[in-house]
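Asker: So that we are looking at the same thing, I have put the structure below in structure tokens.
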Amino acid sequence: MPRKKIVAGNWKMNKSLPEAEALVKAIVSGSEEGDGVTKIFFPPFVFIERTAALIAGKNNFFVGAQNCHHLESGAYTGEVSALAIASCGAQYVLVGHSERRIYFEETSEELRQKLELAFKHKLSPVYCVGEKLNERKSNTYFHAVKKQIEEVVFHLSETQMKSLVLAYEPVWAIGTGETATPDQAQEMHAFIRLAVAEKFGHAVANSTPILYGGSCNPGNAKELFACPDVDGGLIGGASLKPEEFLSIINSF
Ligand code: PGA
């Protein structure tokens, strides 16, 4: 079975509610039904429920959260649980985005807990990995990414693994305008798929979508998506502009 093609928009901390509504509406009305592309919006938490209502009944559109807390519930003022997210109509959750790892010092142990809670509440996690610039320059990038996968993904069951999406986002390419070349992306995606195959077998590895993220835009999406192990994109900046996001959706 061919792998899912996915284009996901990570809006980060952007947009007001009216702007968010306008963005969702423009993308839904501008996309072609039957394009075979799974589209996922990752708005700020407070827009999840409204986004879910706007995409209700639309083929291949989903909404997710940019993060969830690593504990089930409790006295953690300002935090949001996987249960709360799922109950607002989300189907996906980003786990381990580099901005969360760097600015909020999220550890592998916390990320493992987040994955468990996501699965418990029937959310499909999009688990993000990617090396920093110094790791790219010192040629330790395979090791860095393997560690992020081993420490967080390798304890999952085969069933859990089947609803996981991976995203490779080199930190040096996020929001910088610098993109990994198709060769660099393919090399890492193939490496990640091999790591998954060694642990879970080829059937699971071959059905796991691996997205590329990091300054992906209408000008480079086609080349990146043409790589055999790149199954779509996790898009930041370009997901805030309907015409750019739509163009990326049409880049397969
Ligand atoms: P970018 O962000 O497309 O703006 O580089 C990607 C991401 O952080 O998911």
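Readers should treat all values here as calculations from the given coordinates under stated rules, not as data from a laboratory. Note that this is a predicted model, so its numbers are computed, not measured. With ideal geometry, Cβ positions are generated from the backbone for all residues, glycine too; neighbour counts draw on all protein chains shown.
Asker: Let me check against my output: what whole-number percent is the relative contact order of the stretch 128-248, with C-alpha pairs under 8 Å and at least 6 apart?
Answerer: With pairs under 8 Å counted, the relative contact order is 25 percent.
Asker: A further question on this structure: Considering the options Ser163, Tyr127, Ile210, tell which one lies farthest towards the positive end of the dipole of the chain, charges being +1 on Lys and Arg and -1 on Asp and Glu at the Cβ, about the Cα centre.
Answerer: Sorting the options by dipole projection puts first Ser163.
Asker: Along the positive direction of the dipole of the chain (beta-carbon charges: Lys, Arg +1; Asp, Glu -1; about the Cα centre), which of Leu234, Thr181, His143 reaches farthest?
Answerer: Leu234
Asker: Would you look at the GNM of the chain, springs on alpha carbons closer than 10 Å, and say which of Gly30, Gly214, Gly78 moves the most?
Answerer: Largest GNM mean-square fluctuation: Gly78.
Asker: Picking from Ile235, Ile27, Ile210, which is most flexible by a Gaussian network model of the chain using Cα springs under 10 Å?
Answerer: With Cα springs under 10 Å in the chain, the top fluctuation among Ile235, Ile27, Ile210 is at Ile27.
Asker: Okay, moving on. Do you know the relative contact order of the stretch 15-124, to the nearest whole percent, from alpha carbon pairs under 8 angstrom that are 6+ apart?
Answerer: After rounding, I find 24 percent.
Asker: How much length is gained if the chain between Ala53 and Ile102 is pulled fully straight, taking 0.36 nm per residue apart and subtracting their Cα-Cα distance, in nm to one decimal?
Answerer: 14.4 nm
Asker: Also, quick follow-up: If you put +1 on each Lys and Arg Cβ and -1 on each Asp and Glu Cβ, how big is the dipole of the stretch 107-252 around its Cα centre, in Debye rounded to 20?
Answerer: 280
Asker: Classify the stretch 24-137: rounded, prolate or oblate, from the alpha-carbon gyration tensor (a ≥ b ≥ c, eigenvalue square roots; a/c under 1.5 rounded; otherwise prolate if a/b is larger than b/c)?
Answerer: Values: a/c = 2.21, a/b = 1.36, b/c = 1.63.
Oblate, because a/c is 1.5 or more while a/b does not exceed b/c.
Asker: Continuing with this model, one more query. Taking loop as defined by DSSP and a crowding limit of 13 other beta carbons within 10 Å, which trypsin sites (Lys or Arg not before Pro) in the stretch 93-148 fit?
Answerer: Loop-located and lightly packed - Lys122.
Asker: In this model, which of Lys4/Lys122; Lys5/Lys114; Lys162/Lys241; Lys114/Lys222 are farther than 21 Å apart at the alpha-carbon?
Answerer: Among Lys4/Lys122; Lys5/Lys114; Lys162/Lys241; Lys114/Lys222, the Cα-Cα distance tops 21 Å for Lys5/Lys114; Lys162/Lys241; Lys114/Lys222.
Asker: Would you look at the GNM of the chain, springs on alpha carbons closer than 10 Å, and say which of Val126, Val171, Val80 moves the most?
Answerer: In this elastic network of the chain, the residue with the biggest mean-square fluctuation among Val126, Val171, Val80 is Val80.
Asker: Over the chain, what relative contact order in percent results from Cα pairs under 8 Å that are six or more residues apart?
Answerer: 21
Asker: Sticking with this one: Which whole number in µm²/s is D for the chain by Stokes-Einstein, with the Kirkwood Rh taken over Cα pairs at 37 °C and 0.692 mPa s?
Answerer: 182
Asker: Only bridges whose two residues both fall in the chain count here: according to DSSP, what percent of them are antiparallel, nearest 5?
Answerer: 0
Asker: Now, a different point. Taking the Cα centre of the chain as origin, work out the dipole magnitude from +1 charges on Lys and Arg Cβ and -1 charges on Asp and Glu Cβ, in debye rounded to 20. If you can, show how the numbers build up before the last one.
Answerer: On the way: 25 positive and 29 negative charges, 56 e Å.
The calculated dipole for the chain is roughly 260 debye.
Asker: May I pose another question? For the stretch 99-163 and the stretch 169-213, write down the distance between their C-alpha centroids in whole Å.
Answerer: Using only Cα atoms, the two centres lie 13 Å from each other.
Asker: How big is the dipole moment of the stretch 1-150 about its Cα centre under a simple scheme where the beta carbon of each Lys and Arg is +1, that of each Asp and Glu is -1, and everything else is neutral? Debye, nearest 20, please.
Answerer: The calculated dipole for the stretch 1-150 is roughly 400 debye.
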